[in-house]
Each structure stands twice: as structure tokens, then as C-alpha cells.
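Below: one structure, written as C-alpha cells.
The values are calculated or read from the model by the stated rules, or taken from the named source; none is laboratory data. Predicted, not measured: the structure shown is a model, and the values here were computed from it. Every residue, glycine as well, gets a Cβ built from its backbone with ideal geometry; the counts of neighbours run over all protein chains shown.
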Amino acid sequence: MKRLAILGSVVVWLGGLLLAQLSLPQPGFARFSDGSVHLVLGIASNLIVGARVLNTADSASFSDSGGLTSSNGLIRLMSDDGAVLGEYQSGDPRPILNIDSSLLSAVVWLPSKHILLGWDGKAFTTTAVDDSAFGGEVTFVRQAPGKTVELFVEQADDSVAKLTVSLSEGRLLNAETEPGARGAVFVQRGWLLSQNGRGLMSELPNGNRQTVELSKEPLPAGDLRIERMSNDWLHVSSQSTGTNWAVYLTATKLSVSLLPPPVREAAK
């Protein structure tokens, strides 16, 4: 393992240290509009954006076990103490990242390369996928049972297809439509989240829906960005207004808290 030690594109992982010093709950890590990643501390409706732990990232996903980041196409998997466990130079400008539990849940979809990345406990694995029949754009990816991966695809008519692909062979095993889902979706603990006119539409597998208003004014299409902060927390941000929220989700509960912007650090 190699430690992250210097600033720049390298992580200065302060989460464990700050948590010990402040004795506050740690909802996770959030990436803001300038690409900086910060530790988030506190409880729902009383959150603090703490230390910068990464100067810049193009995308990120964190669980309680570690994190996936991408910067200029370089994919990194890190443990919860900041050790870099693996790197992969993807060359892809818009990778789809997800880690939602253990490090073995880490998975990346590289749309320009038509490749799935997995983690076998020692290194990244690559699987070529024929996505010519997908019929749309992959907006979310996650590991599934039996060495398979689920890809959620926004179709041309705005409907959503869930495709199951073999992680070892890249073969399409199953395809089904997600009833009621529209556009780009994010999946968390059974919840299917997507943007609606003024905020989020959330739906459980039993069909129960909940609308969360985040704006009094209509939001532009594709305005909301969702990234994982930890097992139970998501970071939602508006690209048009710059507003940030932290969403807490369990199997039955959803709550939204305003997330303050990072404190601007003094020039050194």
C-alpha cells in the first residue's frame, strides 16, 4: 500500500484524525463544485463541512469502508484510513463510480471504453462489455449477487432499464424496465432517486413514492448531481444554484439536510 502524503492531486486523508479530535459523528465525504473533497461531520440538520481531504476530483463515491475517486481519468480505490489500494488509468473523462459497502463492492463503468472495472481484493479487474444494444446512457452502476453488475440506463424515451451483466464475461444476462422511473437515476438501499421539476423523486420497490422539494423554482434538466458520501448518506448538489444537500437513507426513512459550503481556506 502507498500512503497519500502530498497536496495537489493527492489525498491528505484527515478523516480519522479529525473525528478523534472532534468526537462528532461522521456522515462521510462530499465533493463540491470546485472538485475539492471535504469531510462532513455532525448529525442531520446540523452538519459541518470540515477539512479538505482531496484537492481535486472529477467524481467520487464513498462508503464506510473506503472510497473511489477519478481525477483526469485516473481511478483510485482507497481504504478508510486513506491508503491507496489500487489505481487504474482509464483515460475516460466521465466514469460512473460506485462503492456502497465493503471494498469488494467497488465498481466503475467506463462509457468511452465499454469496460467494467471491479476489485478482487488485490487489484482492479477489467471486463469488456458489448453495450451496443443498451439503447441509452448508463447513469448508475452497482455490484449485484452472483458476480454480476447492474447497470441503470436512461433510454431515448426517458424510461429507465435495469441491465444485469456478468462481471466475469461482460455478457448481458437480463434486462427489465424500472416502472415509474424516468431519466438519470441513483440507487440507494432500494430507493430509486431521480430529479423532478423542483427536487428529487424517490421510490421504493413497493411503489411508495416521496417527492422532496429542493427549489421553489423549476430546476434545469439534469441539474442535480448525486454522489455517495457513505453507506447511508448521499450528497446532492445543484449545478445551477450551487446549493448542496445531504440525504440520509435507510430501508424505510429519507431525510434531507442543507449542507453548508466549505469554509474558504486562507491563502498560504
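So that you can scan it fast, the table gives a plain yes or no per residue for (1) at pLDDT 95 or above; (2) under 22 Å from His235 (Cβ atoms); (3) within 18 Å of the chain's Cα centre (by Cα):
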residue	(1), (2), (3)
Leu104	yes, no, yes
Val107	yes, yes, yes
Ala133	no, no, no
Thr139	yes, yes, yes
Gln143	yes, yes, yes
Thr148	yes, no, no
Ala156	no, no, no
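How many of the residues in the range 222-250 are free of Cβ contacts under 8 Å to residues at least 40 places away in the same chain and either on the phi < 0 side of the Ramachandran plot or within 12 Å of the chain's Cα centre (by Cα) (or both)?
9
Go through Asn206, Asn196 for me and flag whichever is crowded, with 17+ Cβ neighbours inside 10 Å and over 16 Å from the mean Cα position of the chain (by Cα).
Criteria check complete, one pass: Asn196.
Kindly indicate the residue of the range 209-258 that is among the hydroxyl-bearing types (Ser, Thr, Tyr) and under 14 Å from Val40 (Cα atoms) and also surrounded by the most Cβ atoms within 10 Å (Cβ to Cβ) among those meeting that condition.
Ser230
Please find, within the range 24-51, the residue that is surrounded by the most Cβ atoms within 10 Å (Cβ to Cβ) out of those that are without any contact (Cβ under 8 Å) to a residue 40 or more places away in the chain and in contact with a Pro (Cβ under 8 Å, 6 or more places away or on another chain).
Leu41
Here's a check for you: in the range 95-110, which residue that is assigned to a strand (DSSP E or B) and of a type in the set (Val, Ile, Thr) is farthest from Leu167 (Cα to Cα)?
The selected residue is Ile96.
Looking at the range 242-251, is at least one residue within 28 Å of Ala133 (Cα to Cα), at pLDDT below 95 and not aliphatic (A, V, I, L, M)?
Looking for residues that are within 28 Å of Ala133 (Cα to Cα), at pLDDT below 95 and not aliphatic (A, V, I, L, M), one finds none in the range 242-251, hence no.
Among the listed residues Gln21, Gln89, identify the single one that is loosely packed, with under 15 Cβ neighbours inside 10 Å and either at pLDDT 95 or above or closer than 21 Å to Val256 by Cβ (or both).
The unique qualifying residue is Gln89.
Residue-wise test of (1) of a type in the set (Ser, Thr, Tyr); (2) under 16 Å from the mean Cα position of the chain (by Cα); (3) closer than 21 Å to Pro25 by Cα.
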residue: Leu39; (1), (2), (3): no, yes, yes
residue: Ile43; (1), (2), (3): no, no, yes
residue: Ala51; (1), (2), (3): no, no, yes
residue: Asn55; (1), (2), (3): no, no, no
residue: Ser59; (1), (2), (3): yes, yes, no
residue: Ser63; (1), (2), (3): yes, yes, yes
residue: Gly67; (1), (2), (3): no, yes, yes
residue: Ser71; (1), (2), (3): yes, yes, no
residue: Ile75; (1), (2), (3): no, yes, no
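Answer yes or no: is there a residue in the range 92-103 that is crowded, with 22+ Cβ neighbours inside 10 Å, out of contact with any Phe, Trp or Tyr (no Cβ under 8 Å at 6 or more places or on another chain) and of a type in the set (Val, Ile, Thr).
No, the range 92-103 has no match at all.
Return the residue satisfying two criteria in turn: it lies in the range 169-196 and is among the small types (Gly, Ala, Ser) and at pLDDT 90 or above, and of such residues it is farthest from Trp245 (Cα to Cα).
Selected residue: Gly170.
Could you say whether any residue in the range 61-79 is at pLDDT below 95, of a type in the set (A, V, I, L, M), out of contact with any Cys (no Cβ under 8 Å at 6 or more places or on another chain) and surrounded by fewer than 21 Cβ atoms within 10 Å (Cβ to Cβ)?
no
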